[in-house]
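Asker: A single structure is presented below for examination.
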């Protein structure tokens, strides 16, 4: 573990914890609220964040090895998200929060296992037009940011300020 990997892992954990705290206090009605412009239910989105951590970490590890990420496009991502929403439409709060806790802990551990050299390694990333991007960019733009991004959307959907500091 390095200072950089610890900082990244801690930010991921803080985002997951913030999402879990908000989600844990929701009523059943709030859990079923659909997000504007997204259409997915709050509960499905919480489960989605948890489900994506292993995929996002795997993509970051690919870049950490200096290998290109191929075949991952936004159309593919949208298809994965739509399929996930159909399969997990009835997800319970307990299921989603358990998966969020487990997968965020595993993601944080995976980040802590990286070296600074691996964080700096870059390779073409198909999700970003094959731009050569670093492992750290992938982590920050996806696994670390993911919970924060959806937390803000859930807060807006529930009529709360988009950030806790707002």
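Where a number appears in this text, it was derived from the coordinates with a stated rule and is not lab data. If you're wondering where the values come from, they're calculated on a predicted model, not measured in any experiment. For neighbour counting, all protein chains shown are included, and Cβ atoms are generated from backbone atoms with ideal geometry for every residue, glycine included.
Asker: Residue separation times 0.36 nm, minus the C-alpha to C-alpha distance between residue 37 and residue 105: what's the value?
Answerer: 21.5 nm
Asker: Same structure, new question: Neighbouring Cβ atoms within 10 Å as the yardstick, rank 33, 2 fewest first.
Answerer: Ranked by crowding around the Cβ, least crowded first: 2, 33.
Asker: What spacing in nm lies between the two simple spin-label points modelled at residue 77 and residue 113, each 7 Å away from Cα in the Cβ direction?
Answerer: So the label points at residue 77 and residue 113 sit 2.4 nm apart.
Asker: Quick one: if you stick a label point 7 Å off each Cα along the C-beta vector at residue 156 and residue 129, how many nm between them?
Answerer: Each label point is offset 7 Å from its Cα along the Cβ direction, giving 2.4 nm.
Asker: Given a Förster distance of 25 angstrom, what is the FRET efficiency for residue 120 paired with residue 149, based on the Cβ-Cβ distance and rounded to 0.05?
Answerer: Efficiency, rounded to the nearest 0.05: 0.55.
Asker: Helix-only estimate, please: 222 nm mean residue ellipticity of the chain, summing -39500 (n - 2.57) across DSSP H runs of length 4 or more and dividing by its residues, to the nearest 500.
Answerer: The helix contribution divided over the chain gives -20000 deg cm²/dmol.
Asker: Could you tell me the convex hull volume per residue, in Å³, taken over the Cα atoms of the range 13-110?
Answerer: It is 98 Å³ per residue.
Asker: Please check: in the Gaussian network model of the chain (C-alpha springs, under 10 Å), which one of 151, 127, 19 has the largest mean-square fluctuation.
Answerer: 127
Asker: Most fluctuating residue of 77, 69, 144 in a GNM of the chain with Cα springs under 10 Å: which is it?
Answerer: Its mean-square fluctuation being the largest, the pick is 77.
Asker: Okay, moving on. In a Gaussian network model over the chain where Cα atoms closer than 10 Å are linked, find which of 39, 153, 24 has the largest mean-square fluctuation.
Answerer: 39
Asker: Roughly speaking, what is the centre-to-centre gap between the range 45-90 and the range 1-28 when only Cα atoms are used, to the nearest Å?
Answerer: 18
Asker: Another question, if that's okay. Rounded to the nearest whole Å³, what is the per residue volume of the convex hull around the Cα atoms of the chain?
Answerer: Normalising the Cα hull of the chain by residue number yields 106 Å³.
Asker: Under a crude label model (7 Å from the Cα following the beta-carbon direction), how far is residue 163 from residue 28 in nanometres?
Answerer: Placing both labels 7 Å along Cα→Cβ, they lie 3.6 nm apart.
Asker: Ok, one more. Once the range 87-166 is represented by equal point scatterers at the alpha-carbon sites, with solvent omitted, what log10 I(q)/I(0) does the Debye formula produce at q = 0.12, 0.16, 0.17, 0.20 Å⁻¹?
Answerer: After summing over all Cα pairs, the log10 values are -0.52, -0.85, -0.92, -1.05.
Asker: Rounding to the nearest 10 and keeping the result within 0 to 90°, find how far the Cα-based axis of helix 3-24 lies from the longest principal axis of the chain.
Answerer: It works out to around 10 degrees.
Asker: Right, another one. Please determine, in degrees from 0 to 90 and to the nearest 10, the orientation of helix 145-157 with respect to the longest principal axis defined by the Cα atoms of the chain, where the helix direction is its Cα long axis.
Answerer: Between helix and principal axis, roughly 20 degrees.
Asker: So how tilted is helix 93-112 from the main axis of the chain? Cα-based, degrees 0 to 90, rounded to 10.
Answerer: 20
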